[in-house]
Amino acid sequence: MMAMKQRMASLLFACCAASAGASGLQSLEAFVKGVKSGRSEFTQVVTAPAKEGQATRAKTSSGSFEFSRPNRFKFIYRKPFEQSIVADGQTLWLYDLDLNQVTARKQSQALGSTPAALIAAAPDLRALQADFSLSDAPDKDGLQWLLAIPKSKDGQLQSVRVGFRSRTTADAIPELAALEILDSFGQRSLLSFSRFEVNAALPANSFEFKPPPGADVIRQ
C-alpha cells in the first residue's frame with residue numbers, strides 16, 4: 001500500500017510539474033485570445049548593471065497602462081517625471097513634459113520585437129511567434145512565467161519575461177502581473193501591474209494623441 005501511495009504521489013508530482021512547465025505559454029495564449037482590452041496601474045524599477053566598486057543603482061517610476069488589441073496602448077508615467085507613450089494604431093508617440101518634446105515614429109516600424117507587442121499589440125500567438133522565440137520559464141513568486149527572446153538580433157532587447165497570476169476560477173483568464181525586460185546593455189526593468197481590469201470598457205478617444213501647442217515635434 002505504501003509503495004502504491006508513493007507511486008501515486010510521484011505520478012501526481014510529475015503531472016503537476018508538467019502542467020507548471022507549460023503554464024507560462026498557456027497563460028500567454030489565453031491572455032492574447034481572451035483579453036481584447038485592459039487597464040491597470042504599474043510600478044517600474046529600472047536597475048543598471050553594477051559597476052566595479054559601486055553599488056547597484058535602481059530608479060523607480062509609476063503610472064497607468066491601457067491597451068486595446070491590436071496595436072493600441074498607452075503608458076502614462078506620473079512619478080517622478082511625467083511622460084507619455086501612446087500607440088494610436090498608426091503612430092507611436094513619446095511625449096516628455098519636462099523637455100516639452102514629442103517624438104513620433106511609424107508604429108509598423110517600431111513595435112515588432114518589443115515588450116508592448118507581447119502584452120498589448122499582437123492580435124494572436126502566431127504573430128508573436130514570428131518575432132519571438134517563446135518558451136516556459138520556472139514559476140516564481142506565485143506567478144507563471146514566459147520567456148520571450150527576440151528573433152531579430154538588430155535591436156537593443158535581449159529578453160523579456162512575462163509573469164501571469166492565475167485567477168480564482170478554472171476558466172478565468174490569467175491576470176497580467178509582471179513584465180521583466182533585459183536589454184543588451186545589461187539593464188533590467190521590472191514592471192509590476194496592479195488593479196488590472198480585464199476587457200475594460202475604454203473611451204473611443206483613449207488612444208488619441210495631439211502634440212501640445214509649442215512642443216518640439218521630432219518625426220523619425
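For the structure I just gave you, tell me whether Val35 is under 16 Å from the mean Cα position of the chain (by Cα), over 28 Å from Gly186 (Cβ atoms) and of a type in the set (A, V, I, L, M, F, W, C). Against the criterion (under 16 Å from the mean Cα position of the chain (by Cα), over 28 Å from Gly186 (Cβ atoms) and of a type in the set (A, V, I, L, M, F, W, C)), Val35 qualifies. Take Phe209 and decide whether it is closer than 23 Å to Lys106 by Cβ, surrounded by 12 or more Cβ atoms within 10 Å (Cβ to Cβ) and touching a Ser or Thr at 6+ places or on another chain (Cβ under 9 Å). It is true that Phe209 is closer than 23 Å to Lys106 by Cβ, surrounded by 12 or more Cβ atoms within 10 Å (Cβ to Cβ) and touching a Ser or Thr at 6+ places or on another chain (Cβ under 9 Å).
Considering the range 139-160, the residues that are in contact with a helix residue (DSSP H, G or I) (Cβ under 8 Å, 6 or more places away or on another chain) and free of Cβ contacts under 8 Å to residues at least 40 places away in the same chain include one that is surrounded by the most Cβ atoms within 10 Å (Cβ to Cβ), namely Ala148.
For (1) at positive phi; (2) among the acidic types (Asp, Glu), each residue gets a yes or a no:
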{"site": "Glu41", "(1), (2)": "no, yes"}
{"site": "Ala50", "(1), (2)": "no, no"}
{"site": "Gln54", "(1), (2)": "no, no"}
{"site": "Ser62", "(1), (2)": "no, no"}
{"site": "Arg78", "(1), (2)": "no, no"}
{"site": "Tyr95", "(1), (2)": "no, no"}
{"site": "Lys106", "(1), (2)": "no, no"}
{"site": "Arg126", "(1), (2)": "no, no"}
{"site": "Gly142", "(1), (2)": "yes, no"}
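Quick check on the range 167-176. Is at least one of its residues farther than 27 Å from Ala104 by Cβ, surrounded by fewer than 17 Cβ atoms within 10 Å (Cβ to Cβ), without any contact (Cβ under 8 Å) to a residue 12 or more places away in the chain and basic (Lys, Arg)? Within the range 167-176 (the criterion being farther than 27 Å from Ala104 by Cβ, surrounded by fewer than 17 Cβ atoms within 10 Å (Cβ to Cβ), without any contact (Cβ under 8 Å) to a residue 12 or more places away in the chain and basic (Lys, Arg)), the answer is yes, since at least one residue qualifies. Inside the range 192-206, residues that are at pLDDT below 95, more than 24 Å from Arg105 (Cβ to Cβ), within 21 Å of the chain's Cα centre (by Cα) and of a type outside the set (Gly, Ala, Ser) make up a count of 5.
The values are calculated or read from the model by the stated rules, or taken from the named source; none is laboratory data. Just so we're clear, the structure is a prediction, and the values are computed from it rather than from any experiment. Neighbour counts are summed over all protein chains in view; Cβ atoms, including those assigned to glycine, are modelled from backbone coordinates with ideal geometry.
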